[in-house]
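Student: One structure is given below, represented as structure tokens, and several questions about it will come after.
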Amino acid sequence: MIPIAFKKVWIENKIANHYKTKHILSKLGDIDIDYFDDLNTLIHNTPTVFHPKDRSKTLVLSAIRGEILRKCPGTHGHLCCNYHIINQYIGCPIGCSYCILQGYLNQPFTIINVDIESIFEELENFQRNYPGKQIRIGTGELGDSLVYDHLTNFSEDFLEFFAGRNEFIFEFKTKTTNIDLLLKHRSPGNIVVGFSVNPDIVRINEEEFSATLKERIDAATALVNAGYKIALHFDPIVSIANAEQEYKQTINFIFSQLKPEDIAWISLGTFRYTNDLKSMMEYNYPKSSLLSREFVLCSDNKFRYFRPERTNLYKMVIGFLHDINEDLPIYLCMESPEVWMDTLEILPGNCSGCPQEETMDLLFKRRVTLKKGTQN
Ligand code: SF4
């Protein structure tokens, strides 16, 4: 059960009369409301909080600021997958001990950017400026894409916008089963719903309020029946006791319900952390055992399992996935070219920072049906 009980809402004056602001407030019911003009001043004047639970007590409704559509910055010395991100939700109540947001976010509240029309304007500009270019976009970078969907109804806005716009493949990334609004519509074809997956023992120990694996895969099955493609994110893969048995059972369970052709793509990434995240994990989640072993500092200033261990974990998961189907589209998230070669035996492109876009993009586009779509 996710604790979505905001105690207070701050509203930026310039979006106070926005239809989404009114919609969200109508869902929140009786709640303490206040207004502000400048987000930085609000942050400065609000006592600091560190725990995601505390950050999830106060909601800020604001206008999106800064660069709206950004390429994922990737990470130095590691291959990136050309993903684009939109920061619509900033903050997440699910409470994963390993959540990188703990090391990034400095605001003591959850932010929802309500002016979705600014996002659509930006995407239309992209279409005009880069005719024919296709990109993958997601909203799950600084929060879960669906955890607040019943408050915002943004999923329906995105479905309507992306229908027939084949320049875009759009992914909702979630650890919830908050899919009711998606199920009211058939997918227009270019919509992917990504579920992070792990053995349940990882969820029990490290993800306080996420849905169980069974709940997530039941949700994925319902979405497949409504025409959506599913992405699976084995991220973070964790070096646990009985890892072989746990990951094998997990993968077999997933594919006892889903078919390989339902899958748009599968990402793999082993547990990693920055120094900032480590401090926050120790403070917020002292019972987590994720940090109690040795790690190696990599060229992007993130700590990872030593390369032989990472390679073994990836090979193990890839092996179980290949036992299901050799053709599953698998990629590694933020990994070095050496580990790509050791595990998947391919290198997507050969430039120093990023892979050649075409090579990587082929992996993603071949499983997603791009068609002129209509909604129910
Ligand atoms: S679901 Fe994602 S964004 Fe939310 S706490 Fe977990 S890792 Fe962080």
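Laboratory data are not the source of any read-out in this text; all were calculated from the coordinates shown. Just so it is clear, the model here is predicted, and its values are computed rather than measured. Counting neighbours? That spans all protein chains shown, and the Cβs are built from the backbone with ideal geometry, glycine included.
Student: Amide H neighbours of G143 under 5 Å, at least 5 residues apart or on other chains, H built in the peptide plane: list them.
Tutor: So G143 has HN proximity to G91.
Student: Would you mind checking which residues have amide H under 5 Å from V192's amide H? H placed 1.01 Å from N; only 5 or more apart, or other chain.
Tutor: F170, E171, F172
Student: Cα centroids of region 301-335 and region 133-197: how far apart, whole angstrom?
Tutor: Each part's Cα centre sits 26 Å from the other's.
Student: Give the lysines reachable from K214 as a straight Cα distance under 21 Å; neighbours fewer than 8 places away on the same chain don't count.
Tutor: K173, K175, K229, K248, K259
Student: Does region 5-45 come out rounded, prolate or oblate, given a ≥ b ≥ c as the square roots of the eigenvalues of its C-alpha gyration tensor, rounded meaning a/c under 1.5 and, failing that, prolate meaning a/b above b/c?
Tutor: oblate
Student: Could you work out the relative contact order of the chain? I mean the mean sequence separation of Cα pairs under 8 Å and 6+ apart, divided by the number of residues, in percent.
Tutor: 18 percent
Student: With each run of n ≥ 4 DSSP H residues scored as -39500 (n - 2.57), what mean residue ellipticity at 222 nm is computed for the chain after dividing by its residue count and rounding to the nearest 500 deg cm²/dmol?
Tutor: -10000 deg cm²/dmol
Student: Which of the trypsin sites (Lys or Arg not before Pro) across region 87-140 are loop residues per DSSP, with 13 or fewer other Cβ within 10 Å?
Tutor: Filter output for region 87-140: K133.
Student: Kindly give the semi-axes, whole Å and largest first, of the ellipsoid equivalent to region 68-365, taking each as the square root of 5 times a Cα gyration tensor eigenvalue.
Tutor: Its equivalent ellipsoid spans semi-axes of 27, 22, 21 Å.
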